[in-house]
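Worksheet for the structure shown next.
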Amino acid sequence: DYLAGGILQEELDHEKSAFVGSFIVGLDTNAGIASQLLSAEAFGFGPAHLDRYPEMVRRISLQEVNQAIHAYFKPEALFTVMAGQPPKRS
């Protein structure tokens with residue numbers, strides 16, 4: 001339970017590695033580079049953001065993530081959505 005105990009360092013390391021890896025793989029095509037450049041420009045970060053972004057993610061600390069979990073994760077505000085055919089009732 002992330003809210004009660006926080007995320008573990010091992011979990012954070014894994015998620016950061018996967019996230020950075022996915023970002024880098026996404027830059028393997030011209031379309032991927034163009035998409036990321038467009039996003040960087042739209043948010044006012046500039047093209048150099050693509051070079052800085054992986055290191056920014058790697059520097060996120062366990063304390064920062066756990067603070068964000070407590071600040072923004074509100075289980076009482078969640079709800080369940082179901083899609084498809086509901087089961088037939090007898």
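Here is a list of conditions, (1) under 19 Å from the mean Cα position of the chain (by Cα); (2) at pLDDT 95 or above; (3) not charged (D, E, K, R), and Leu78 meets all of them except one; can you say which number that is?
It fails just one condition, (2).
Within the stretch 71-90, does at least one residue satisfy the condition of being assigned to a helix (DSSP H, G or I), surrounded by 10 or more Cβ atoms within 10 Å (Cβ to Cβ), in contact with a helix residue (DSSP H, G or I) (Cβ under 9 Å, 6 or more places away or on another chain) and not acidic (Asp, Glu)? Even if it seems obvious, please write down each step before you answer.
From the stretch 71-90, those assigned to a helix (DSSP H, G or I) are 71-72, 75-77; that's our starting set.
Narrowing further to those that are surrounded by 10 or more Cβ atoms within 10 Å (Cβ to Cβ): none.
Among the residues of the stretch 71-90, not one is assigned to a helix (DSSP H, G or I), surrounded by 10 or more Cβ atoms within 10 Å (Cβ to Cβ), in contact with a helix residue (DSSP H, G or I) (Cβ under 9 Å, 6 or more places away or on another chain) and not acidic (Asp, Glu), which makes the answer no.
Kindly provide the set of residues from the stretch 26-56 that are assigned to a loop (DSSP other than H, G, I, E, B) and either over 30 Å from Pro75 (Cβ atoms) or of a type in the set (A, V, I, L, M) (or both), ordered by number.
Narrowing the stretch 26-56 to residues assigned to a loop (DSSP other than H, G, I, E, B): 27-29, 43-48.
Hits for the stretch 26-56 are Leu27, Asp28, Thr29, Gly44, Phe45, Gly46, Pro47, Ala48.
Please work out which one of (1) modelled with pLDDT under 95; (2) more than 18 Å from the chain's Cα centre (by Cα) is the condition Ala34 fails and give its number.
With (1) modelled with pLDDT under 95; (2) more than 18 Å from the chain's Cα centre (by Cα) applied to Ala34, the lone miss is (1).
Quick one: how many residues across the stretch 26-58 are open to solvent by less than 30 Å² (accessible area, probe 1.4 Å) and either among the small types (Gly, Ala, Ser) or in contact with a Cys (Cβ under 6 Å, 6 or more places away or on another chain) (or both)? Can you show your working first?
Our first condition is that a residue be open to solvent by less than 30 Å² (accessible area, probe 1.4 Å); within the stretch 26-58, this holds for 32, 40, 46, 49-50, 54, 57.
Checking which are either among the small types (Gly, Ala, Ser) or in contact with a Cys (Cβ under 6 Å, 6 or more places away or on another chain) (or both) leaves us with 32, 40, 46.
Looking only at that region, the number is 3.
Among the residues of the stretch 20-29, is there at least one that is at pLDDT below 95, of a type in the set (D, E, K, R) and over 23 Å from Leu8 (Cα atoms)?
Within the stretch 20-29 (the criterion being at pLDDT below 95, of a type in the set (D, E, K, R) and over 23 Å from Leu8 (Cα atoms)), the answer is no, since none of the residues qualifies.
So, in the stretch 59-68, exactly how many residues are open to solvent by 60 Å² or more (accessible area, probe 1.4 Å) and not in a loop (DSSP other than H, G, I, E, B)?
Of all residues in the stretch 59-68, those open to solvent by 60 Å² or more (accessible area, probe 1.4 Å) come to 59-60, 63-64, 67.
Retained after the next criterion (residues that are not in a loop (DSSP other than H, G, I, E, B)): 63-64, 67.
Summing the residues that are open to solvent by 60 Å² or more (accessible area, probe 1.4 Å) and not in a loop (DSSP other than H, G, I, E, B) in the stretch 59-68 gives 3.
Can you find, within the stretch 1-25, the residue that is nearest to Val57 (Cα to Cα) among those that are open to solvent by less than 30 Å² (accessible area, probe 1.4 Å) and assigned to a loop (DSSP other than H, G, I, E, B)?
Of everything passing the filter in the stretch 1-25, Ile7 is nearest to Val57 (Cα to Cα).
The values are calculated or read from the model by the stated rules, or taken from the named source; none is laboratory data. Everything numeric here is computed off the predicted structure, so don't read it as measured data. Please note: Cβ atoms are built from the backbone with ideal geometry, for glycine as well, and neighbour counts cover all protein chains shown. Heavy atoms of the whole protein, side chains included, go into the accessibility calculation; ligands, DNA and RNA do not. Shrake-Rupley method; radii C 1.70, N 1.55, O 1.52, S 1.80 Å.
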